[in-house]
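What follows is calculated from the coordinates using simple rules that are stated; it is not laboratory data. Fair warning: this is a prediction, and the values are worked out from it, not measured in the lab. Cβ sites come from the backbone with ideal geometry, for glycine too, and all protein chains shown count toward neighbours.
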Amino acid sequence: MQLDEMVRALMDKIEAWFVGLGAMIPNLVVAILVFIVALWVARLAEKVARRGLRRVVHTPELVALASTLARVALVVSGLFVALSVLELDKAVTSMLAGVGLLGLALGFAFQDIAATFVSGMAIEAAFDEAGITIPFPIRTLEFGSGGPESLGQAIAGDG
């Protein structure tokens, strides 16, 4: 008799899932539409950001970085809104917490790189405004087979 009760409980649960799925189909369609619109808006925003930033910022890497960040932010926002439409608020809360922790960890990991990048851009901008050009000679060092025996000799020019 216990097996029959367990099978009946399982069947009732599966039936409730299908009824719930039928009720969620309109929300699923709306969520998919919201996400597609978010993807379209993100792509459009990336193009607009690229055009606008090219006029202000003369570093192509920074333009690409900023426009990509804008696109990613809009796609993630669209995903969160789509999940909210599906009434998955706990999943949205968990994802937001995870994104926050990830952002904090990446911020600490890349703070030195970011500081160097920003200071390099500031120095480059200052030299560009002043019209100063600093030539950087490129030299190929060959070690072994007749080249300098040590890095010290290569730098000193004794090789």
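How much FRET efficiency would the formula 1/(1 + (r/R0)^6) give for Leu65 and Leu96, where r is the Cβ-Cβ distance and R0 is 30 Å, rounded to 0.05? Mind showing how you got there, number by number?
Working: r = 23 Å, r/R0 = 0.77.
So the FRET efficiency works out to roughly 0.85.
Hey, what does the equivalent ellipsoid look like for the stretch 2-126, semi-axes from the Cα gyration tensor as sqrt of 5 times each eigenvalue, largest first, whole Å? Kindly include the intermediate steps, with their values, before the conclusion.
On the way: eigenvalues 424, 78, 11 Å².
Semi-axes, largest first: 46, 20, 7 Å.
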